[in-house]
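The values are calculated or read from the model by the stated rules, or taken from the named source; none is laboratory data. Note that the structure is a prediction, hence the values are computed from the model and not measured. Reconstructed Cβ throughout: ideal geometry from the backbone, glycine too, with neighbour counts over all protein chains shown.
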Amino acid sequence: MAETIVKIENLVKRYKDLIALDHLNLEIKQGEVFGLLGPNGSGKSTTINCLLSLLTFDKGSIEIFGKKMAPDNYEAKRNIGIIMQNVAVFDELTVIENIDYFCGLYIKDKSERKKCVQDAIEFTELQDFIHFYPKKLSGGLLRRLNIACGIAHKPKLIILDEPTVAVDPQSRNKILEGIQKLNEEGATIIYTSHYMEEVEQICTRIAIMDKGKKIAEGTKDELKKMIKNTETVSVEISEIPDDILEKLSTLPHVYSTDFNNGKLEVKCSGGKHNLIRILNVLQESDLHFGRVFSELPTLNDVFLEITGKALRDSD
Amino acid sequence: MFLHNLKYEFLQNIRAKSLILWLILFPIILGTFFKIAFSGIYESTTVFSAVPIAVVEDGDNSVFREVMTTLSEGDDALFETEYTNEDAAMEMLEAKKISGILYVAGEKLSITVTPAEGGPSAESIRQTIIKSFGEQYNAHCNIIADTVANSPEKISDVVSALSEDIKCNENIPLTNGNHDNMLSYYYNLIAMVALLGSDLGLNIAVSSQGNLSAIGARKCCSPTKKLVTIISSMVGCITVQTVCIIIAVSFLAFVLKVDFGSKLHMVYLAGSIGGMLGVSFGFAIGSIGRLGVNAKSAIATAFSLICCFFSGLMAGNMKAIVSTYAPWFNEINPAAVISDSLYCLNFYDDYERFTQKIVTMLIMTVVFTIIGFFLTRRRKYASL
């Protein structure tokens, strides 16, 4: 059984009357890519900041590497890499100097540090930009520099707090590939995001948060099994009579039908050939329709079904 | 770790454009502006120069000639004398080449000057000098003539007494320093450079606190102790600030030829300690409250300029006004303390008052640093 790297028990954090974290419990094992998914304001960053001992909390306990986390737990800090949502680099230092500076806060030995800095540069593919100042870098490169500064000391636990905010798709993919590579090299990852696709793509286990509470936890398949929906069929259609809509809702495994703005959405729970049955009904009724989509449930569906609101609404 | 942090603190500071602008270029530009604006004001209003006069003699008067020769010799000559005839003298007076004409007829001396225009001026002062000399000369001649006529045996005592009278009017300087009032502007300029170093100290505070900057948060998450990073940053900033002060003072002293007196090395010292005060002041400001770095920087700069205003950077007599209505303020105004230390250095021969000002600066530095440390020592925050 894998070693527990992070253990959060009954964590409560209040900002006056607002409860930011409400009895949160998390356990993250070695080698996991653990995703914290939730809309803005759900408590993801607060969890991370409490974890890093930056924020005080009202109740509960946090253990990292088996020891209570505190500001003076330097041994734990030595093994943690942090990549903040806001880029934290010095404008007056070049790329290589920034990485060396932050790496130097963890590693005293010059030759060891030099190697680590070089590895971080290669890992983030910043070789061609080492003498650039941050202001000369594009948004994607800046994010990669931010990551290089956080991982150069080769931490065992890497915490990434929304590292892809305002990043172009190409750079986003590079960052996500990099995170998977870090995990393959042995690092445990905690990844927060409100982009469910990213979390689905890289996380081995996911906790969904809302209003400071953990509302679900598991692998993405486990999370999807928690909900009724197994397939959503969407059809572009100009109009649909009420009796046809009624007929669709009586089909086997269909539990919800909705027509809105020229789009028919039929939700199914289990069963096979749902799409064929739905299209047959439409054809028999001599209705003309456009594009047809059949989608498996997403984490957004999980979030929607549990909370009654869409995760994307908060984007 | 200390040296690592120190190295990068140096690099950041020397590459910061704001530092180059405010701590190096600004004093150079303002100092040059002062030099151009004040050039000649001191010489024309304060420094005494020999009064140009013409002497028109009616016959030979060896005693008068001897007196005039004595008064027209040396570096501190009272008159610049030209012997000529009446017509030439009048022409020179009308052409304003001379300030007055002395007519010597036997033992009697008479004076001609032209009316000075406007209020008190350098010309009216020169005419007053000529008039005073004429009156004193006539009075002395009368005394000597009376003594010769009535008590010739006392003539040597009378001459001796008149000589002593002259000695009583000898100029005895209070100090060997430069008396140029415009120097106070340069003192305040140095004080301003010292206080603008507050921006450096401010950045230390902001970049050390997890609730004020992302860099602060990243530093707080590292295993390096906060005290180590703060002290090394303070050392780095104070060193850079000292270099800026040295550049500013050197530029004023050697390029603009501002005369700081014979204790230039102490000017460097006072400026450098003022720089420490500026950095610690910024460190304290940066540690207070949750405002962003730009807002805090604006507050520190505004505060520095206000201090400099009350110290006399923008209006030379401001410090005297403050001294009249709120003398305590000059004792706690960092800019006033820094400029006062430079003033004491120039004006007083001993170091007593200078030392007092230096001690005041050091106490302020320690107080500001303690405030900064006290407020930045936190490692956990209620909110970020």
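Scanning region B:217-259 for residues that are among the basic types (Lys, Arg) and out of contact with any strand residue (DSSP E or B) (no Cβ under 9 Å at 6 or more places or on another chain) gives B:Lys219, B:Lys225, B:Lys226, B:Lys257. Quick check: is even one residue across region A:211-220 under 27 Å from the mean Cα position of the chain (by Cα) and assigned to a helix (DSSP H, G or I)? Taking every residue of region A:211-220 in turn, at least one turns out to be under 27 Å from the mean Cα position of the chain (by Cα) and assigned to a helix (DSSP H, G or I). For region B:374-383, does any single residue satisfy the condition of being under 30 Å from A:Asn49 (Cβ atoms), away from chain A (no Cβ under 14 Å) and at pLDDT below 95? Yes - at least one qualifying residue is present in region B:374-383.
Selection of region B:66-79 for residues being surrounded by 14 or more Cβ atoms within 10 Å (Cβ to Cβ) and farther than 21 Å from B:Glu107 by Cβ yields only B:Ala77.
Any residue that is without any contact (Cβ under 8 Å) to a residue 60 or more places away in the chain, away from every other protein chain (no Cβ under 14 Å) and out of contact with any Leu (no Cβ under 7 Å at 6 or more places or on another chain) - is there at least one of those in region A:65-81? Checking region A:65-81: not a single residue is without any contact (Cβ under 8 Å) to a residue 60 or more places away in the chain, away from every other protein chain (no Cβ under 14 Å) and out of contact with any Leu (no Cβ under 7 Å at 6 or more places or on another chain). Counting only helices (runs of 4 or more DSSP H) wholly contained in region B:1-50, the ones carrying 1 or more residues that are more than 26 Å from A:Lys108 (Cα to Cα), at pLDDT 85 or above and more than 14 Å from chain A (Cβ to nearest Cβ) occupy B:26-38.
Can A:Val233 be described as of a type outside the set (S, T, N, Q) and farther than 26 Å from A:Thr192 by Cα? Considered against the rule, which asks whether it is of a type outside the set (S, T, N, Q) and farther than 26 Å from A:Thr192 by Cα, A:Val233 comes out as yes. If you go through region A:84-128 and pick out every residue that is part of a loop (DSSP other than H, G, I, E, B), within 12 Å of another protein chain (Cβ to nearest Cβ) and not small (Gly, Ala, Ser), you end up with 15. From the list A:Leu275, A:Leu223, A:Leu287, A:Leu248, the one residue that fits, being part of a loop (DSSP other than H, G, I, E, B) and crowded, with 16+ Cβ neighbours inside 10 Å, is A:Leu287. Set side by side, the residues A:Tyr101, A:Tyr15 differ, and just one is over 23 Å from the mean Cα position of the chain (by Cα), buried (at least 22 other Cβ atoms within 10 Å of the Cβ) and among the hydroxyl-bearing types (Ser, Thr, Tyr), which is A:Tyr101. Checking B:Ile204, B:Ile238, B:Ile245 one by one, the residue that is surrounded by 18 or more Cβ atoms within 10 Å (Cβ to Cβ), within 14 Å of chain A (Cβ to nearest Cβ), part of a helix (DSSP H, G or I) and at pLDDT 90 or above is B:Ile204 and no other. Residues in region B:286-308 that are touching a residue at least 40 places away in the same chain (Cβ under 8 Å) and of a type in the set (S, T, N, Q): B:Ser287, B:Ser297, B:Thr301, B:Ser304. Filtered by the rule that a residue be in contact (Cβ under 8 Å) with a residue 60 or more places away in the chain and surrounded by fewer than 21 Cβ atoms within 10 Å (Cβ to Cβ), region A:82-94 gives a lone residue, A:Gln85. So is B:Val293 surrounded by fewer than 20 Cβ atoms within 10 Å (Cβ to Cβ), among the β-branched types (Val, Ile, Thr) and in contact with a Ser or Thr (Cβ under 9 Å, 6 or more places away or on another chain) or not? Criteria met by B:Val293. Just so you know, in region A:25-52 the residues that are touching a residue at least 24 places away in the same chain (Cβ under 8 Å), within 14 Å of another protein chain (Cβ to nearest Cβ) and touching a helix residue (DSSP H, G or I) at 6+ places or on another chain (Cβ under 9 Å) include one that is surrounded by the most Cβ atoms within 10 Å (Cβ to Cβ), and it is A:Leu52.
The residues listed here are A:Thr4, A:Thr56; of these, the one that is within 14 Å of chain B (Cβ to nearest Cβ) and hydroxyl-bearing (Ser, Thr, Tyr) is A:Thr56. Filtered by the rule that a residue be touching a Lys or Arg at 6+ places or on another chain (Cβ under 9 Å) and in contact (Cβ under 8 Å) with a residue 60 or more places away in the chain, region A:115-151 gives A:Cys149, A:Gly150.
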